[in-house]
Amino acid sequence: MKTIRRLIYREALTGVAFVTLAFLALFFFFDMVDELRWVGRAGEAGYTLSYALLFVALSLPAHLYELLPITVLIGTIFVMARLAQSSEFTIMRTSGLGPWRALRTLLVLGCGFAILTFAVGDYLAPISDRASQLIKARATGQISLGATGAWLKERQGADSVAVNVRALDPNGNMRDIRIYEFDARGRIASTLQAERGEFAADGESWDLEGVRRNVFHLGSDALVPKPGDTPRVERFSEASYRWPTHISTDMVAASLLKPDKMATIDLFQYIRHLEANGQSAQRYEIEFWRKVFYPLSCLVMVVLSLPFAYLHFRSGGIAAYVFGGVMAGISFFLLNNVFGYAGNLRNWSPWLTAAAPGLIYSALSLGAFGWLVLRR
């Protein structure tokens, strides 16, 4: 039985590796074509072809994390179907490889792929993504997030503060900072704009440069000012200014990164920060639970591939089943994204939203196993 397990593991690993390399090569080509439009453009003259190649190469671990459950499904379906077509699996069955033992063998293989998926998504992909962003920042001058940058919120006593950081430079300093302070009644108390900023060594303030401040004196706390109590605005221009805050480098970096590019522990800490400051964390909670459940999809995929070993193939009929595996993998990927967006819009339970695609495919795979393998 040990020989049979080694044979299945070797064939499955070879098949999955071949499919994964093919998909990664395809994604590398598409990403490279998309990245070529930024090479040598005005304002980004330092972004050369070598930088683009390195940036795309460092993006591959993120693609690997997304693709692993799909490539596991396609690779194991191909191997199981080929073993059935060549009657090798029939010989294994006569040698004592029953359905439950075959299922257990594939589940052990699936556990290995699940651990690999978790390691890539939680360690390799975040590190490579940060490195790719740093390379692009050195070439273009800054890291930005769309047109609005990153928004954060913090409570300071009875007041609340909304902070916008447009971009980070290659040294980790902030660019184009806007700070809005509101009092306990939600009225604007002050605004601040700064050209640049860096995190102070004490971790409890920011050192800002090129500062313009507006301080609003509303006078009375009444909604309608009393006679003689005229609201006024004071304007200040300062070369440097120290602004007290507990917003750290990691929080700003986390808000600039997409949630799917963050490690599980970073997501958890950022969710706690959002909840502590009264901000909606629904999107990040869904992504956190997706990070938890996504590696387990590999177990579902290997179970879904087992019934293909019990089918009877004609010559050349294996291609149709492999194509079916490709469609099943793509449908899982689409369903996973659809549930993520729908859960965020409809405010569904985050853990259920993340687990639903895996539960649906688990039911399908166990149903196929029970009907085709056990009953037939």
Notebook entry, point to check: Of these, Ala12, Ala84, which one is at pLDDT 85 or above and either in contact with a strand residue (DSSP E or B) (Cβ under 7 Å, 6 or more places away or on another chain) or not polar (S, T, N, Q) (or both)?
Noted result: Ala12
Margin query: So, Arg212, is that one open to solvent by 60 Å² or more (accessible area, probe 1.4 Å), at pLDDT 75 or above and under 26 Å from the mean Cα position of the chain (by Cα) or not?
Written below: no
Check: How many residues are open to solvent by 50 Å² or more (accessible area, probe 1.4 Å), under 30 Å from Asn214 (Cα atoms) and modelled with pLDDT of 75 or more when one looks only at the stretch 241-273?
Finding: 4
Next item on the list: Might you check whether a residue that is of a type in the set (Val, Ile, Thr) and either at positive phi or part of a helix (DSSP H, G or I) (or both) occurs anywhere in the stretch 80-92?
Entry: yes
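Yes or no, residue by residue, for (1) surrounded by fewer than 19 Cβ atoms within 10 Å (Cβ to Cβ); (2) among the acidic types (Asp, Glu); (3) out of contact with any Ser or Thr (no Cβ under 6 Å at 6 or more places or on another chain); (4) not in a helix (DSSP H, G or I):
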| position | (1), (2), (3), (4) |
| --- | --- |
| Trp100 | yes, no, yes, no |
| Arg104 | yes, no, yes, no |
| Pro126 | no, no, yes, no |
| Asp129 | no, yes, yes, no |
| Gln133 | no, no, yes, no |
| Ala137 | yes, no, yes, no |
Checklist line | Complete set of residues in the stretch 274-291 that are within 14 Å of Gln156 (Cα to Cα), open to solvent by 20 Å² or more (accessible area, probe 1.4 Å) and either touching an Asp or Glu at 6+ places or on another chain (Cβ under 9 Å) or among the hydrophobic types (A, V, I, L, M, F, W, C) (or both) | finding: Ala276
Margin query: Looking at the stretch 168-180 only, could you name the residues that are open to solvent by less than 40 Å² (accessible area, probe 1.4 Å) and at pLDDT 90 or above?
Written below: Ile177, Ile179
Item checked: Filtered residues of the stretch 6-37 (kept if in contact with a Phe, Trp or Tyr (Cβ under 8 Å, 6 or more places away or on another chain) and in contact (Cβ under 8 Å) with a residue 24 or more places away in the chain) -> Gly15, Val16, Val19
Item checked: Residues of the stretch 147-167 classified as at pLDDT below 85, closer than 23 Å to Ser132 by Cβ and open to solvent by less than 20 Å² (accessible area, probe 1.4 Å), total -> 3
Next item on the list: Check off (1) more than 30 Å from Ser160 (Cα to Cα); (2) touching a residue at least 60 places away in the same chain (Cβ under 8 Å) for Asn277 and give me the number that stays unchecked.
Entry: (1)
Margin query: For the structure I just gave you, tell me whether Phe55 is farther than 15 Å from Thr14 by Cα and part of a helix (DSSP H, G or I).
Written below: yes
Next item on the list: Look at the stretch 329-357 and say how many of its residues are buried (at least 20 other Cβ atoms within 10 Å of the Cβ) and closer than 27 Å to Leu83 by Cα.
Entry: 2
Item checked: Which numbered condition Pro69 fails, given (1) touching a residue at least 60 places away in the same chain (Cβ under 8 Å); (2) open to solvent by 20 Å² or more (accessible area, probe 1.4 Å) -> (2)
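The values are calculated or read from the model by the stated rules, or taken from the named source; none is laboratory data. Since we're looking at a predicted model, the values are computed, not measured. As a convention, Cβ positions derive from the backbone with ideal geometry for all residues, glycine included, and neighbour counts pool all protein chains shown. Surface areas here come from the heavy atoms of the whole protein model, side chains and all, with no ligands, DNA or RNA. Shrake-Rupley method; radii C 1.70, N 1.55, O 1.52, S 1.80 Å.
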